[in-house]
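**Q** My questions all concern the structure below.
The values are calculated or read from the model by the stated rules, or taken from the named source; none is laboratory data. Predicted model only: the values in this text are computed from it and were never measured. Positions of Cβ are generated from backbone atoms using ideal geometry, with glycine treated the same way; all protein chains shown enter the neighbour counts.
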Amino acid sequence: MVAAWITALPRSPRVLRRTALGALLGAASGLARAAKPAVLLRFSHVVAPDTPKGQMALRFQALVHERAEGRIRVEVFPDSQLWGDDDEMEALRLGAVEMLAPSLSKFGNAGVPEFEVFDLPYLFADLAQVRRVTQGAVGRGLLQRLGRQQMLGLGFLDNGFKQMSATRALRTPADFKGLRVRVQASRVLAAQMRALGARPVVLPFGETQRALASGVVDAAENPLSNYLTQGLAPWQPHVTLTQHGYLGYAVVSNPRFWASLAPADRALLGSALTDALAHGNRLSAALDKQALATLRRTPGVMLHQSGAAERAVLRRAVQPAWDGLRRSLGPKLLDEVQDALAAG
Ligand code: SIN
């Protein structure tokens, strides 16, 4: 749900002038207004349309177009077509795009290290637990912290739980030894791979498929919808269902853009986003299940179910990632997250 304070932001004097001028011009030419929307919102993301994030963005676009009657146009750019991981947040700050939904793992490197708490391996047992954190006080506090980096946090979206892929099954720490594993730019994820004896290689999502295909990296961790839609099966035929970590997103906008909107447009965008996020969050588990069923039928893909005992061994092995986060952030946030989980 998009917080009420976000839809109640004040408007800047420049925007008031622009709106007054717009009203005059609009009255003079209804036709011109119909041809050219008053607001253009570019929504850039790095994954395929057929993923929870891709579907959420398309639902947001459809809802805005349906409700705004031509006043607001949303353009969605999937697959890093407009901006990739390395430049999308800077583009947002500079006003070269109005909305993004980076994975939570990417905010640490952008100056909000608290988001790396979501990367802790085996922190969450299921999506219901994730939501106790994202949809409660802890989640609200985290979204507000994005303001420190000139981003307006609007809401959370799930993808799901990550599984390991490689050219062999990855069941025990011994299987990880020496592998170069692509990770997102997160200290916790790098520490997790080092703790397993692997070498973390930070790469933007848009370069991952090529890096796996050319052998620059040997393995990757992804929710199944990303593994499937990136077509990783030919190079990563072994998928071990480790379920070891969560991957989700925060939808962010540029605070200046948001403040520049007329209150009615801001409210419209806020409620369309709330509905689109609910849609995406309903879809995430279903798309994960669907991807699993597709992979079971895909020739050449070998699925390995990690057992409870194997998971317990991996879980013990990745403790250094937890210790590192506690050292770098202090205990407070982790305690709050664990309290939220316990309260459920
Ligand atoms: C995404 O789902 O947006 C990409 C995650 C990744 O970089 O692995």
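**Q** Could you grab me the full set of residues in segment 168-202 that are away from the ligand (no atom under 13 Å from the Cβ), of a type in the set (S, T, N, Q) and either more than 15 Å from residue 238 (Cβ to Cβ) or not in a loop (DSSP other than H, G, I, E, B) (or both)?
**A** Answer for segment 168-202, where residues must be away from the ligand (no atom under 13 Å from the Cβ), of a type in the set (S, T, N, Q) and either more than 15 Å from residue 238 (Cβ to Cβ) or not in a loop (DSSP other than H, G, I, E, B) (or both): just 192.
**Q** As an exercise: evaluate residue 10 against (1) loosely packed, with under 15 Cβ neighbours inside 10 Å; (2) in a loop (DSSP other than H, G, I, E, B); (3) at pLDDT 55 or above and give the number of the one condition it does not meet.
**A** Only one criterion is unmet by residue 10, namely (3).
**Q** Being crowded, with 17+ Cβ neighbours inside 10 Å, at pLDDT below 95 and touching a helix residue (DSSP H, G or I) at 6+ places or on another chain (Cβ under 9 Å) narrows it down to one of 284, 306, so name that one.
**A** Exactly one of 284, 306 is crowded, with 17+ Cβ neighbours inside 10 Å, at pLDDT below 95 and touching a helix residue (DSSP H, G or I) at 6+ places or on another chain (Cβ under 9 Å), namely 306.
**Q** Would you call residue 221 under 25 Å from residue 288 (Cβ atoms), out of contact with any Lys or Arg (no Cβ under 7 Å at 6 or more places or on another chain) and of a type in the set (Asp, Glu)?
**A** No; evaluated as a whole, the condition is false for this residue.
**Q** Test residue 86 against the stated conditions and say whether it is among the charged types (D, E, K, R), out of contact with any Leu (no Cβ under 9 Å at 6 or more places or on another chain) and within 16 Å of the ligand (Cβ to nearest atom). Quick ask: steps written out before the conclusion?
**A** Values: among the charged types (D, E, K, R): yes; out of contact with any Leu (no Cβ under 9 Å at 6 or more places or on another chain): yes; within 16 Å of the ligand (Cβ to nearest atom): yes.
Yes: the conditions hold for residue 86.
**Q** Return the residues of segment 229-240 that are more than 12 Å from the ligand (Cβ to nearest atom) and in contact with a helix residue (DSSP H, G or I) (Cβ under 7 Å, 6 or more places away or on another chain); say none if nothing qualifies. If you could, list the steps in order and put the result at the bottom.
**A** From segment 229-240, those more than 12 Å from the ligand (Cβ to nearest atom) are 231, 233-240; that's our starting set.
Those that are more than 12 Å from the ligand (Cβ to nearest atom) and in contact with a helix residue (DSSP H, G or I) (Cβ under 7 Å, 6 or more places away or on another chain): 231, 235, 236, 239.
**Q** Let me ask something additional. Take the residues in segment 241-261 that are small (Gly, Ala, Ser) and either assigned to a helix (DSSP H, G or I) or over 26 Å from residue 306 (Cα atoms) (or both), then tell me which one is nearest to the ligand (Cβ to nearest atom).
**A** That would be 250.
**Q** How many residues are among the hydrophobic types (A, V, I, L, M, F, W, C) and part of a helix (DSSP H, G or I) if we restrict to segment 219-240?
**A** So the count comes out to 2.
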